[in-house]
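> Structure provided below as C-alpha cells; questions to follow.
The values are calculated or read from the model by the stated rules, or taken from the named source; none is laboratory data. Keep in mind that this is a model prediction, so the values were computed, not measured. Heads up, the Cβs are rebuilt from the backbone with ideal geometry, glycines too, and the neighbour counts pull from every protein chain shown. What goes into the accessible areas is simple: the full protein's heavy atoms, side chains included, and nothing from ligands, DNA or RNA. Shrake-Rupley method; radii C 1.70, N 1.55, O 1.52, S 1.80 Å.
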Amino acid sequence: MAIKPILFEDGICRMIDQRLLPAEELWRDYRDDGAIAEAIRTMVVRGAPAIGIAAAYGAAFAAAALASQSLPVVERLQLFRQRCQHLAATRPTAVNLFWALARMERLAEATSALAPQDWAAGLRQEACRIDAEDELINRAMGRHGQALLPQQGTVLTHCNAGALATGGYGTALGVIRAAIEAGKQIDVVADETRPFWQGARLTAWELQRDGIDVTLICDNMAGYLMQQGRIDAVIVGADRISANGDVANKIGTYSVAVLAQAHGIPFYVAAPRSTIDLSLADGSAIPIEERDPREVTHCANQQLAPAGVAVYNPAFDVTPARLVSAIITEVGVACADYRTQLAELMARPPLCGHV
C-alpha cells in the first residue's frame, strides 16, 4: 500500500522527514504554521501536491492560533492573510502551494462572521478535505493515464512524483500503480535526480516498498538506455504547467524530454489541475527556485567539490510543450493543442466538488 507522507491526528500534523529517507523513517510532529513553513522550505515535505497539503494544515494552525485571541474580525482576517503569505514565501515554483492557500483564504473570508472557534474548525476541516481529495484525484489521474502505457514495458521516471510527493498514491507513479493494478506488466527505471537525489532516495524506496520492479540509474545513463531500446515511455510529474503546456519540473526533466523525442519515445506528464496555471501564457513566466549551493557541493555532510567554487543550483527546468506527448489530469488527458485543451479541462466540474 502506498505511503501517506502527511497525517493529521489529534490536532497534530505528522510528516515523514523525506530528507532522511531511505536510511531512516522519522515522523515529525507539527503544531503551528511557522514550523510547517520551515518544513516546506527545508524539504522535510516536498512534491507540489504535498506542499499544498502541508500549507493548508499550516493555514489551519494559523486560524486556530488567531481564534484563541480576542481580535476584531477585520484584524483576524488581516493577520490570517499575513501568515498565509509567510507560508507562500517558502517555495516559489510549485503552484499547488498558492492554490491551497488561496482556497483556505477564500473560506476564511466567506466564514469570517462565525464565532472564532467555529471559524477555525471550518478551516481545519477544509485542510483535511484538501488532503483527502488529493488521493482521490491521484487515483482518477492514474485511471486516465494508465491507458497510455503499454501492456508490457519499461517506464522511465525522473525525480519523485509518487505517494511521497502527494496526499497518497502519486501522480506519475500513480499512473504506473494504476497500470499494474489493471494487469499490465510494467517495470520502472528511476533517474537518481541530482543534486537532492529524489529518485535514488525516494522513488526507489517507495516502489521497492510496494513490490514494484524498479532499477536505479545515474541521470546521465538515460540516453544510453533509450538508445538500447530499453525504455518504452517516460512519465514525470510537474510543479507548474503554463497555459500553452510548458511544464516546470525537477531540474533534468528537460534533458530527459529531449532524449525521449530523439529516440521516438512518448513523454508524459501527470499532474492535478491545481498544477495548471492558466495565468501564465508560457513557461518563460514560471519562477524558478534557486537553492543552497551546498546541495551541489555536498552529499549529506560529505564535501564533493573544492571550497569556494561557484555553484548554480536551479531546482527546476521548463520542458517546452512541443516535447510533451500528453498531459494527464484527474478529469482527462490533453495531447495536442494544449492551450485549448488545458483550458477545456480546467473548465470541467471539479472531481471532488471543490476548485
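> Identify the single condition in (1) part of a loop (DSSP other than H, G, I, E, B); (2) farther than 11 Å from residue 269 by Cα that residue 238 does not satisfy, given that it satisfies every other one.
(2)
> So if I check each of 207, 202, 164, 173, which one is in contact with a Pro (Cβ under 7 Å, 6 or more places away or on another chain) and within 22 Å of residue 7 (Cβ to Cβ)?
164
> Do we have any residue at all in the stretch 131-150 that's in contact with an Asp or Glu (Cβ under 9 Å, 6 or more places away or on another chain), open to solvent by less than 20 Å² (accessible area, probe 1.4 Å), modelled with pLDDT under 95 and not charged (D, E, K, R)?
no
> How many residues does the stretch 333-353 contain that are surrounded by fewer than 12 Cβ atoms within 10 Å (Cβ to Cβ), modelled with pLDDT under 95 and either in contact with a helix residue (DSSP H, G or I) (Cβ under 9 Å, 6 or more places away or on another chain) or closer than 18 Å to residue 280 by Cα (or both)?
Within the stretch 333-353, residues that are surrounded by fewer than 12 Cβ atoms within 10 Å (Cβ to Cβ), modelled with pLDDT under 95 and either in contact with a helix residue (DSSP H, G or I) (Cβ under 9 Å, 6 or more places away or on another chain) or closer than 18 Å to residue 280 by Cα (or both) number 1.
> Looking at the stretch 262-283, is at least one residue touching a strand residue (DSSP E or B) at 6+ places or on another chain (Cβ under 7 Å), over 30 Å from residue 228 (Cα atoms) and without any contact (Cβ under 8 Å) to a residue 12 or more places away in the chain?
So far as the stretch 262-283 goes, no, none of its residues is touching a strand residue (DSSP E or B) at 6+ places or on another chain (Cβ under 7 Å), over 30 Å from residue 228 (Cα atoms) and without any contact (Cβ under 8 Å) to a residue 12 or more places away in the chain.
> Let me ask something additional. So how many residues does the stretch 82-114 have that are closer than 30 Å to residue 317 by Cα, over 14 Å from the mean Cα position of the chain (by Cα) and not polar (S, T, N, Q)?
Looking only at that region, the number is 11.
> Among residues belonging to the stretch 151-174 that are of a type in the set (A, V, I, L, M, F, W, C) and in a loop (DSSP other than H, G, I, E, B), point out the one that is surrounded by the most Cβ atoms within 10 Å (Cβ to Cβ).
Per the criteria, the residue is 161.
> Any chance you could count how many residues in the stretch 230-249 are open to solvent by 60 Å² or more (accessible area, probe 1.4 Å) and small (Gly, Ala, Ser)?
Adding up the residues that qualify gives 0.
> Keeping to the stretch 32-45, report how many residues are more than 16 Å from residue 86 (Cα to Cα) and in contact with a helix residue (DSSP H, G or I) (Cβ under 7 Å, 6 or more places away or on another chain).
1
> Continuing with this model, one more query. Just checking, does the stretch 229-240 include any residue being among the basic types (Lys, Arg), closer than 16 Å to residue 47 by Cβ and in contact with a helix residue (DSSP H, G or I) (Cβ under 9 Å, 6 or more places away or on another chain)?
Yes, the stretch 229-240 contains a residue that is among the basic types (Lys, Arg), closer than 16 Å to residue 47 by Cβ and in contact with a helix residue (DSSP H, G or I) (Cβ under 9 Å, 6 or more places away or on another chain).
> While we're on this one: Count, please, the residues in the stretch 184-218 that happen to be surrounded by fewer than 16 Cβ atoms within 10 Å (Cβ to Cβ), assigned to a loop (DSSP other than H, G, I, E, B) and either free of Cβ contacts under 8 Å to residues at least 24 places away in the same chain or among the β-branched types (Val, Ile, Thr) (or both).
Residues flagged as surrounded by fewer than 16 Cβ atoms within 10 Å (Cβ to Cβ), assigned to a loop (DSSP other than H, G, I, E, B) and either free of Cβ contacts under 8 Å to residues at least 24 places away in the same chain or among the β-branched types (Val, Ile, Thr) (or both) within the stretch 184-218 amount to 1.
> Okay, moving on. So, restricting to strands (runs of 3 or more DSSP E) that lie completely within the stretch 247-336, which ones have at least 1 residues that are more than 17 Å from the chain's Cα centre (by Cα) and not hydrophobic (A, V, I, L, M, F, W, C)?
332-334
> Scan (1) farther than 24 Å from residue 100 by Cβ; (2) within 20 Å of the chain's Cα centre (by Cα) for the single condition residue 345 breaks and write down its number.
Among (1) farther than 24 Å from residue 100 by Cβ; (2) within 20 Å of the chain's Cα centre (by Cα), residue 345 violates only (1).
> What pairs come out if I take residues in the stretch 292-306 that are over 19 Å from residue 251 (Cβ atoms) and pair them with residues that are β-branched (Val, Ile, Thr) and part of a helix (DSSP H, G or I) whose C-beta lies under 9 Å away, six or more apart or interchain?
303/297; 306/297
> Output yes when any residue across the stretch 110-125 is open to solvent by less than 60 Å² (accessible area, probe 1.4 Å), in a helix (DSSP H, G or I), at pLDDT 95 or above and closer than 28 Å to residue 216 by Cβ, and no when none is.
Looking for residues that are open to solvent by less than 60 Å² (accessible area, probe 1.4 Å), in a helix (DSSP H, G or I), at pLDDT 95 or above and closer than 28 Å to residue 216 by Cβ, one finds none in the stretch 110-125, hence no.
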